[in-house]
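Please read the structure below before turning to the comments.
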Amino acid sequence: MPEINRRSFIGGGIALSGLGLLAACGKSGASSGALVKPTDAIVDAVEKERAGTGKVRKFTLRAAETEFDLGGRTVRTWGYGDELPGKELRLTAGDTIEATLENRLPEESSVHWHGLAMRNDMDGVPHVTQDPVKAGKDFTYRFIVDTPGTHWFHPHTGTQIDRGLYAPIIVDDPREPLSYDEEWTVMLDDWLDGVDGTPDDVLEEVRGGMDHGAHGMGDGGGPMRMGSMLMGATSDLLGGDAGDVFYPMHLINGRPGNDPRTFKAEPGARVRIRLVNAGGDTAYRVALGGHRMTVTHTDGHPVEHREVDAVLLGMGERYDVLVTLDDGVFPLVALAEGKDETALAVVRTGSGRAPGEKVRPDELDGEVVHSTELTADPSVRLEKRKPEVRHEVELTGSMAAYDWAINGRRFDHGKPTEGAFKVEQGQRVRVVFTNSTEMWHPMHLHGHTFQVGSKGPRKDTLIVLPGETVEVDFDADNPGRWLVHCHNIYHGEVGMMGLVAYTS
Ligand SMILES: [Cu+2]
């Protein structure tokens, strides 16, 4: 198999950007030290240097109130179109996406493209990169997509992501080095909307804090429910408390366990499974009964291949795995970590009875790899370089007070640049995540991918365990204002967010 130099494709624009950027700075006349705005000329200048093919792909995303049938139960919710998840968008790296959000929701919204490093004014964060798209209005996102891999999109307003507003965006690599016979996108989601109130109700409830006589355990030693909250949902893999919120359903591609999606293939087929955790407050441990799987990518970026029994995905994380299928019928199971519930899909290559709804393949308890143990594929490894700037990002807060924050500061959407982590174009940036809380947090950086340690995976979303310190590096090559936040939607909403801001 030929060696693919992926960096040359992805980084094509970046290598050139130095010169163009200086010119852009001169033109905008921005004073030194001011924060770059999403509308500054420099953002446009960097976009012009991206390696684009000029091919424009048009999509319409209609966000509206709708109904879905979840295993015989009709729920009223919000979605993109009439599918759950929303229809997969598929492009080739280098294409220009032109996606129009038609906001028919009763409130304002926007679209964030999770995992894509695009021009700052298209990142879809209201009040940070754009004005909110008001109810009844449209907004067209247009940018060059140059990050191959498994990504997804969702709103960045309130708790909207915990309704049905999510969908995959898959970016094909024109020089894809892997070969496989089939390809399946598998989106995992914890569901409560329209079954147990709404995500807004949950936010209201958790905001009040969870100091109700502590981390109780149910009769069987399992997690115990109090309203929408969950006590004693613990996981060894996550270093303690696994989640705060009770979800009555766990879905794979919008289907609960009593009505699972069936994936069909020939025995012996080699399948690429693209796993995405679209959940609000649930990590999933995923295994395919009777099979081991080979991890090839995380967060869209290739890693040195690693064979495992199961993978663990925090909210917002993606894993691509390759599996060679046996002959028969097999359960693809996502265990809601610490919550003692599962989501199910069925893989069928032959005859046989479908697995039961509650099946738990042994592989779930086998070897599970933590992302920090993976190694970046050489094609995407950052060049060795000393960081010019170092930012300490301490994760703070507690379940009892529900005061999740970064460096003790709860993000203020009205003053998003306060306490910003400043970087300059061209710098190598080191971010030191220190988790001083008693709970894990999936930390997501917009507009960039970082490398974990000196040769760990390139990622945009990273599980940081309680008490853990993890150093990650990224190259400041995409000027603008970018969120760094916990992808537990409720943690993020109450304040565990910060801003990486470029100075001009
Ligand atoms: Cu968190």
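The values are calculated or read from the model by the stated rules, or taken from the named source; none is laboratory data. Everything quoted here is computed from the prediction, not taken from an experiment. Neighbour counts run over all protein chains shown; Cβ positions are idealised from the backbone, glycine included. For the accessible areas, the whole protein counts, side chains as well, though only heavy atoms, and no ligand, DNA or RNA atoms are used. Shrake-Rupley method; radii C 1.70, N 1.55, O 1.52, S 1.80 Å.
Of the strands (runs of 3 or more DSSP E) entirely within the stretch 375-444, those holding at least 1 residues that are open to solvent by 20 Å² or more (accessible area, probe 1.4 Å) and touching an Asp or Glu at 6+ places or on another chain (Cβ under 6 Å) occupy 428-435.
Residue by residue, here is whether (1) in contact with a helix residue (DSSP H, G or I) (Cβ under 9 Å, 6 or more places away or on another chain); (2) farther than 25 Å from ASP190 by Cβ; (3) touching a residue at least 12 places away in the same chain (Cβ under 8 Å) holds:
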{"position": "LYS58", "(1), (2), (3)": "no, yes, yes"}
{"position": "GLY86", "(1), (2), (3)": "no, no, yes"}
{"position": "GLU102", "(1), (2), (3)": "no, yes, yes"}
{"position": "GLU107", "(1), (2), (3)": "yes, no, yes"}
{"position": "HIS127", "(1), (2), (3)": "no, yes, yes"}
{"position": "VAL133", "(1), (2), (3)": "no, yes, yes"}
{"position": "ARG142", "(1), (2), (3)": "yes, yes, yes"}
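The set of residues in the stretch 454-476 that are outside any strand (DSSP E or B) and either at pLDDT 95 or above or within 16 Å of the ligand (Cβ to nearest atom) (or both) comprises GLY456, PRO457, ASP460, LEU465, PRO466, GLY467, GLU468, ALA476. Inclusion of GLU388 among residues that are of a type outside the set (Lys, Arg), away from the ligand (no atom under 16 Å from the Cβ), free of Cβ contacts under 8 Å to residues at least 12 places away in the same chain and in contact with a Lys or Arg (Cβ under 8 Å, 6 or more places away or on another chain) is not warranted. The criterion of at least 1 residues that are open to solvent by 40 Å² or more (accessible area, probe 1.4 Å) and either touching a helix residue (DSSP H, G or I) at 6+ places or on another chain (Cβ under 7 Å) or not assigned by TED's automatic domain parsing to the domain that holds HIS446 (or both) is met, among strands (runs of 3 or more DSSP E) falling completely within the stretch 212-314, by 224-226, 262-264, 270-277, 301-308. Of all the residues in the stretch 107-166, those that are farther than 19 Å from GLU88 by Cα and among the basic types (Lys, Arg) number 3. Within the option set ASP82, ASP44, ASP40, ASP95, being out of contact with any Pro (no Cβ under 6 Å at 6 or more places or on another chain) and more than 24 Å from ASP138 (Cβ to Cβ) holds for one residue only, ASP40.
Scan the stretch 410-433 and tell me whether some residue there is within 12 Å of the ligand (Cβ to nearest atom) and within 25 Å of SER371 (Cα to Cα). Yes, the stretch 410-433 contains a residue that is within 12 Å of the ligand (Cβ to nearest atom) and within 25 Å of SER371 (Cα to Cα). Number of residues in the stretch 129-143 that are part of a strand (DSSP E or B) and closer than 24 Å to HIS301 by Cβ: the value is 2. Taking the stretch 315-360 as the range and being part of a strand (DSSP E or B), within 25 Å of GLU266 (Cα to Cα) and open to solvent by 20 Å² or more (accessible area, probe 1.4 Å) as the test, the residues that pass are THR324, VAL329, PHE330, ARG348.
If you go through the stretch 438-453 and keep only what is within 11 Å of the ligand (Cβ to nearest atom) and either within 17 Å of MET118 (Cβ to Cβ) or touching a helix residue (DSSP H, G or I) at 6+ places or on another chain (Cβ under 8 Å) (or both), you end up with HIS441, HIS444. All told, GLU363 meets the bar of being within 21 Å of LEU251 (Cα to Cα), open to solvent by 30 Å² or more (accessible area, probe 1.4 Å) and away from the ligand (no atom under 16 Å from the Cβ). Whenever a residue of the stretch 489-504 is free of Cβ contacts under 8 Å to residues at least 60 places away in the same chain, it has no partner that is assigned to a helix (DSSP H, G or I) lying with C-beta atoms less than 6 angstrom away and at least six residues away or across chains. Within the stretch 61-80, if we keep just the residues that are hydroxyl-bearing (Ser, Thr, Tyr) and surrounded by 14 or more Cβ atoms within 10 Å (Cβ to Cβ), the residue that is farthest from LEU192 (Cα to Cα) turns out to be TYR80. Considered as a group, the residues in the stretch 477-504 that are within 16 Å of the ligand (Cβ to nearest atom) and assigned to a loop (DSSP other than H, G, I, E, B) include one that is surrounded by the fewest Cβ atoms within 10 Å (Cβ to Cβ), and that residue is GLY495.
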